[in-house]
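Let me begin by presenting the structure, written as structure tokens, before commenting on it.
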Amino acid sequence: MLVHRTTTQPSSDRSHSRATMTVSKAPQNILIHIIRRDLRTSDNPLFHAAVTAPDEKFDAYLPLYVFDAQQIDVSGFIQSTGATNPYGSPRSQIAGYHRCGPHRAKFLGEAVWDLSETLKELKSGLFIRVGRIPDVVETLVSELAKKDAKIGAVWMTSHEGSEEKADEKAVASLCKKVGAKWKLWVDEKYFIDDRDTGLESIDKLPGVFTEYKKKQLPLREKPRPVLPPIEKGSLPPLIDAALVAPQSSPFHIPDSLNRLVEFLVAPVKDFLPNKPEYPKGAESAHPYQGGEHAALQRLKDLINSGAATTYDTTRNGLLGTEFSTKLSAFLAQGCITARQVHAAMDSFERGTDLAFKDVEGFGALTKEEGMSEDEAQNTGMESIRTELLWRDYMRLCHQKDGNRLFQLTGTLRYKLDHAADMMDDMASITAQNGHNSENSDTGDNGAASAASAASDGDGSAQEKKLKSPDKERARPQQGSGVNESLLAKEWKSADKEKALPRQSPTAEEVAKILERFNLGTTGMGLIDASQRELLHTGYTSNRARQNVASFLAKHLDIDWRYGAEWYEMLLVDYDVSSNWANWQYVAGVGNDPRGHMRIFNPVKQGFEYDPSGSYVRTWIPEVSGLEKLENAFQPWTASKEELEKTGLSGNDMVANPVKRIQFVVEGKPRTNKNGGFRRALARGNPPKASQANGNGSSFGNGYRNSQDVRTDAPVVNGTTRGPRGRGGFRGSFGGPPRGSLGGGRGGFNGNTNGSPSPAANQGNGIVAPGYGRGRGGGRRGGGGGYGAPPRGGGQNGYFPPAKMPRVNGSGNHDQVNGNQN
Ligand SMILES: Cc1cc2nc3c(=O)[nH]c(=O)nc-3n(C[C@H](O)[C@H](O)[C@H](O)COP(=O)(O)OP(=O)(O)OC[C@H]3O[C@@H](n4cnc5c(N)ncnc54)[C@H](O)[C@@H]3O)c2cc1C
């Protein structure tokens, strides 16, 4: 299909020579611009160069998007009966899942259509094709040659991934053959441009994120400026459609967005015949359409609603649209760039974009005297910058590790072989852990980092956790973080050929477990809720993803790549680097310095991050009638009467859970009848934040791990009561209003001693004094609080600790580790 216009450019206020240029019947210097995962016109170096490179004198422009048959099933584009898809249905390597499921297929269709509409508005157009990029380009080139037209150049953006690289190579050699210039552009959708990282070579990429981040500070100074917008009529004249080879058969390109989405989704929509019903009343956390327009709107809304400024305290949330940015899918398809995100936040912090003038904290950067910009920046936005750097880092890891990313043992072998090189990284991390709040980055991946700081307290706590008595396992070999025994882990497979003869459960049993894992019927509430949310919506939070990955890889010891491939199919925001590097990280075979030692206990995580149980009850309606939280998190723990009452007796999740974790709750279990929650809502807190968990534990008494680190140290009552135990009631159960929380780095009002400030104790979403210094004002803690983790400086929810049930995860860690039933 051609989204085209006449061959004569309308006049433009910018490019007069082009405005009057007419495309001859046979142009001699055609620019083919292959658009890949850079589906935007703004801040796009290729569109920018097409406009600003008059020396090239392209006499015709052919912007092209190809739905890549290697990664997405294109059989829906076949309209004639009896014809078959010559490319077949692309499937994942280990499990044979579809490579692109319905959620991303839809999002992608919308994003491509949006781009095509924008290009029309710019008086240009987009040629949409189906197939393999090299095949399509070859067809175009030969058709043009037949019509005496000549290609001058082919441009495309460089992407990670061996398939992507193979395409680049194939197009390059095609260009060579026909004498066209081939240009591979740097992918500029990342936070820090590849040319500005200071890395001599990709081999020098530190093996640990914190180390990389340290080299990039201050982050806010790193992104390049956003490129100016493309003006109407400024692109080179669009090629005459008559010169362009039509879509090759048997495919047919539709002429409306609805049809396009229909074609894309049709082959994959019924991938799971026994898919659970969409739960009544459940709302997607990711209701967004694909495309540049939606991305830019989302960015504006994030700042206007205050969600960006409170991000550091809400990002471990599980329900709703506002706990995190939901920019990932847009970023993955290049509908927006990370530096556009930075630029918008910067304009808010500096007070230069009056569209945000009513948002708390507007212009704070210019008001804080005696502080560097880095110190005065908004803490929510600072955290978003760190997450964007995580994304950069995951991609750089992919660049460095190549296909190791897809291997079962990940980077372990490489690390062992390069152990000496990694000594410095590890040494510096250990040093940091002792005294610097940055250590949170080493402790928790991505969005969890601040939570880690919040709930783990200070660096020394993290360091202590690393000191497991099981020295041989815990001690990194020569600073590499790994030792040979890790390579020997016996991963379980569902493939008879690959499973070890002594594997237990057997390959058939593993296949059944995987089916339940995928469907969300394992009986482990948090995991099932996340998997069902993913199935239905294509999204699940970072906190949930970490738990899901940890459950598969570390509780069930199943080949983690089954999970990564399932995510590849279902995630709306799937990105090859982010997905596979995160799976490796959590599976303990990637770049987590505590890799094998960290195991998330999904019950404990449920109590911590789903303190009202609303997430689990939303996505697993079967358990919504179970009143006690621990029962919702593991239905098999409910009493017989309760199970009968709720119709759960005999349900597989109860009768045959994939995993049982002994987890004891002493005292009165909390439910969502709890006053704090009610009160928070009654005060008119935004419903969107109704489950904003804040940063940490809701437990009063020193229950302080935000994730479970494998330590074989004896644990008294399963708790590790620490220096900030009492008063460390930090959870924000009950949805604090965005913008009303203090905390942030350095704690409320500069209170760094671990006891909650009066403001922090007010709870209930009251806008406490001190706001503006904690976050909204963009300052990292007042007074002497700089750099200290936000312990004690708690958030709302207002549960007097004394009334809290004690969570007695008695022997919690050990049982988790030992209990593979
Ligand atoms: C097992 C697993 C698989 C994942 N797969 C993907 C994936 O395929 N695509 C993807 O974009 N993210 C992936 N992530 C990272 C993260 O979970 C998502 O980026 C995040 O949940 C998306 O929601 P958000 O946009 O609201 O994120 P926010 O919390 O608002 O973060 C802002 C942005 O920072 C980036 N980001 C945040 N955390 C990470 C991270 N850990 N790694 C890389 N980038 C990060 C994303 O671009 C995100 O949009 C995965 C994480 C795990 C644990």
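Taking the condition open to solvent by 50 Å² or more (accessible area, probe 1.4 Å), over 30 Å from GLY588 (Cβ atoms) and in a loop (DSSP other than H, G, I, E, B), does ARG195 pass? The answer is no for ARG195. Cβ-Cβ distances below 6 Å connect the following pairs, each with a first residue in the stretch 377-405 that is within 15 Å of ALA343 (Cα to Cα) and more than 14 Å from the ligand (Cβ to nearest atom), a second residue that is open to solvent by less than 10 Å² (accessible area, probe 1.4 Å) and at pLDDT below 95, and a separation of six or more residues or different chains: GLN377/GLY778; ASN378/GLY778. Selection of the stretch 204-250 for residues being more than 32 Å from the chain's Cα centre (by Cα), surrounded by fewer than 21 Cβ atoms within 10 Å (Cβ to Cβ) and of a type in the set (A, V, I, L, M, F, W, C) yields ALA241, ALA242, ALA245. Among the residues of the stretch 271-328, those that are of a type outside the set (A, V, I, L, M), surrounded by fewer than 24 Cβ atoms within 10 Å (Cβ to Cβ), more than 10 Å from the ligand (Cβ to nearest atom) and assigned to a helix (DSSP H, G or I) comprise HIS293, GLN297, LYS300, ASP301, ASN304. The set of residues in the stretch 62-80 being surrounded by fewer than 22 Cβ atoms within 10 Å (Cβ to Cβ) and either more than 23 Å from ASP575 (Cα to Cα) or at pLDDT below 95 (or both) consists of ILE78, GLN79, SER80. Between GLU369, GLU360, GLU349, the distinction of being open to solvent by 20 Å² or more (accessible area, probe 1.4 Å) and either within 24 Å of ALA111 (Cβ to Cβ) or touching a residue at least 60 places away in the same chain (Cβ under 8 Å) (or both) belongs to GLU360 only. Whenever a residue of the stretch 38-56 is more than 13 Å from THR118 (Cβ to Cβ) and of a type in the set (Gly, Ala, Ser), its partners that are in a helix (DSSP H, G or I) and at pLDDT below 95, lying with C-beta atoms within less than 9 angstrom and at least six residues away or across chains, give the pairs ALA49/GLU56; ALA50/GLU56. Only a single item in (1) without any contact (Cβ under 8 Å) to a residue 40 or more places away in the chain; (2) open to solvent by less than 60 Å² (accessible area, probe 1.4 Å) is not met by LYS176, and it is number (2). For the stretch 102-127, name all the residues that are buried (at least 21 other Cβ atoms within 10 Å of the Cβ), out of contact with any Leu (no Cβ under 7 Å at 6 or more places or on another chain) and not in a helix (DSSP H, G or I). None - no residue of the stretch 102-127 is buried (at least 21 other Cβ atoms within 10 Å of the Cβ), out of contact with any Leu (no Cβ under 7 Å at 6 or more places or on another chain) and not in a helix (DSSP H, G or I), so the list stays empty.
Among the residues of the stretch 41-60, some residue qualifies, meaning at least one is in a strand (DSSP E or B) and either crowded, with 20+ Cβ neighbours inside 10 Å or out of contact with any Gly (no Cβ under 6 Å at 6 or more places or on another chain) (or both). Restricting attention to the stretch 335-368 and to residues that are polar (S, T, N, Q) and within 16 Å of the ligand (Cβ to nearest atom), the residue that is nearest to ARG37 (Cα to Cα) turns out to be THR337.
Every residue, every condition in (1) within 26 Å of PRO267 (Cβ to Cβ); (2) within 14 Å of the ligand (Cβ to nearest atom), yes or no:
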residue: THR522; (1), (2): no, no
residue: GLY525; (1), (2): no, no
residue: ARG532; (1), (2): yes, no
residue: THR537; (1), (2): yes, yes
residue: LEU552; (1), (2): no, yes
residue: TYR567; (1), (2): yes, yes
residue: TRP580; (1), (2): yes, yes
residue: PHE607; (1), (2): no, no
residue: SER612; (1), (2): no, no
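Restricting GLN79, GLN71 to residues that are of a type in the set (S, T, N, Q), within 14 Å of ARG37 (Cβ to Cβ) and in contact (Cβ under 8 Å) with a residue 12 or more places away in the chain narrows the list to GLN71. Among the residues that make up the stretch 407-423, is at least one of them in contact with a helix residue (DSSP H, G or I) (Cβ under 8 Å, 6 or more places away or on another chain), open to solvent by less than 20 Å² (accessible area, probe 1.4 Å) and within 16 Å of the ligand (Cβ to nearest atom)? There is at least one residue in the stretch 407-423 that is in contact with a helix residue (DSSP H, G or I) (Cβ under 8 Å, 6 or more places away or on another chain), open to solvent by less than 20 Å² (accessible area, probe 1.4 Å) and within 16 Å of the ligand (Cβ to nearest atom). The residues of the stretch 144-169 that are touching a residue at least 40 places away in the same chain (Cβ under 8 Å), open to solvent by 20 Å² or more (accessible area, probe 1.4 Å) and farther than 25 Å from GLY88 by Cβ, listed by number, are LYS147, ASP148, LYS150. Going by what's in this entry, would ALA242 be described as over 22 Å from ASP68 (Cβ atoms) and assigned by TED's automatic domain parsing to the domain that holds THR81? It is true that ALA242 is over 22 Å from ASP68 (Cβ atoms) and assigned by TED's automatic domain parsing to the domain that holds THR81.
The values are calculated or read from the model by the stated rules, or taken from the named source; none is laboratory data. Everything numeric in this text was worked out from a predicted model, so none of it was measured. Backbone-built Cβ (ideal geometry, glycine too); neighbour counts: all protein chains shown. For accessibility, only protein heavy atoms count, side chains too; no ligands or nucleic acids. Shrake-Rupley method; radii C 1.70, N 1.55, O 1.52, S 1.80 Å.
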